[in-house]
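The values are calculated or read from the model by the stated rules, or taken from the named source; none is laboratory data. Worth saying up front: this structure is predicted, and the values here are computed from it rather than measured. Neighbour counts run over all protein chains shown; Cβ positions are idealised from the backbone, glycine included. Ligands, DNA and RNA are stripped out before the accessible areas are found, and what is left, the full protein with its side chains, is counted by its heavy atoms. Shrake-Rupley method; radii C 1.70, N 1.55, O 1.52, S 1.80 Å.
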Amino acid sequence: MATPKQTDPQFKLRLTQSLKENIERSAEKNNRSMNAEIVARLEDSFGSNVDPKALSEAYSMVDQIKERLEREWTYFEEQTRKFEEEKEEFRRAMSEKRDELALLAWERRSAERERLSLAKARFEEEKLEARQRWKERLERVQERERIANDMIQKFRDRENELSELVKKLTRNIENLS
């Protein structure tokens with residue numbers, strides 16, 4: 001950008017308040033005066049050889065990727081919520097089952113020896129079944145956790161891809177400037 005000189009021609013310009021505020025913010029962000037910001041933007045617009053259609057397509061692609069990532073993130077959050085609900089339901093069921101089993105054992109201890117023996121056998125059978133169900137539920141929970149972790153990794157990979165694409169677009173825009 002050429003440095004303005006006192007001899008450069010001056011031009012009075014009327015702006016809307018919102019446009020003026022946008023220019024002020026941009027000038028402050030770029031550490032330059034409003035005049036320097038306007039001159040830089042005008043010079044960029046005349047020297048730019050960015051294909052507007054390609055730029056529009058790139059922005060469209062970025063928007064599509066963003067929408068897809070947002071949908072996938074929403075899906076991931078929903079799956080995580082369902083997983084947490086199932087996990088809590090499982091914990092409650094296990095707690096209830098433990099309470100039931102403890103009560104059953106207590107009642108059977110006061111009964112005669114044969115009833116105690118039968119109750120103990122029943123308790124052991126239910127315990128094995130509960131363990132088997134717990135093991136199966138735990139495997140399902142672990143599988144869902146693996147799926148959630150895979151989704152997180154895919155999200156991070158896609159986020160990195162999007163970040164790289166945005167960086168490339170930024171570099172291309174800067175190179176074209």
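Are there any pairs with C-beta distances below 6 angstrom linking a residue in region 37-59 that is more than 21 Å from Lys168 (Cβ to Cβ) to a residue that is at pLDDT 80 or above and among the polar types (S, T, N, Q), with the two at least 6 apart or on different chains, and if so which?
Note: pairs meeting the criteria are Glu37/Ser26.
Would a scan of region 135-147 turn up a residue that is within 30 Å of Met61 (Cα to Cα), assigned to a helix (DSSP H, G or I) and open to solvent by less than 100 Å² (accessible area, probe 1.4 Å)?
Yes: one or more hits.
Can you tell me which of (1) more than 30 Å from Met61 (Cβ to Cβ); (2) open to solvent by 100 Å² or more (accessible area, probe 1.4 Å); (3) over 22 Å from the mean Cα position of the chain (by Cα) is the one Glu174 doesn't meet?
(1)
If you go through region 37-48 one residue at a time, do you hit one that is outside any helix (DSSP H, G or I) and either open to solvent by 90 Å² or more (accessible area, probe 1.4 Å) or farther than 30 Å from Ile152 by Cβ (or both)? Walk me through how you get there before you give the answer.
Of the residues in region 37-48, the ones outside any helix (DSSP H, G or I) are 48.
Add one more test, that the residue is either open to solvent by 90 Å² or more (accessible area, probe 1.4 Å) or farther than 30 Å from Ile152 by Cβ (or both), and what stays is 48.
The answer is yes; a qualifying residue exists.
Exactly one condition in (1) in contact with a Phe, Trp or Tyr (Cβ under 9 Å, 6 or more places away or on another chain); (2) on the phi > 0 side of the Ramachandran plot is not met by Ala105; state its number.
Just one mismatch for Ala105, condition (2).
Within region 133-173, which residues are of a type in the set (D, E, K, R) and farther than 23 Å from Gln64 by Cα?
Within region 133-173, the first condition is being of a type in the set (D, E, K, R), and the residues that meet it are 133, 135-137, 139-140, 143-146, 150, 154, 156-159, 161, 164, 167-168, 171.
Scanning region 133-173 gives Arg133, Lys135, Glu136, Arg137, Glu139, Arg140, Glu143, Arg144, Glu145, Arg146.
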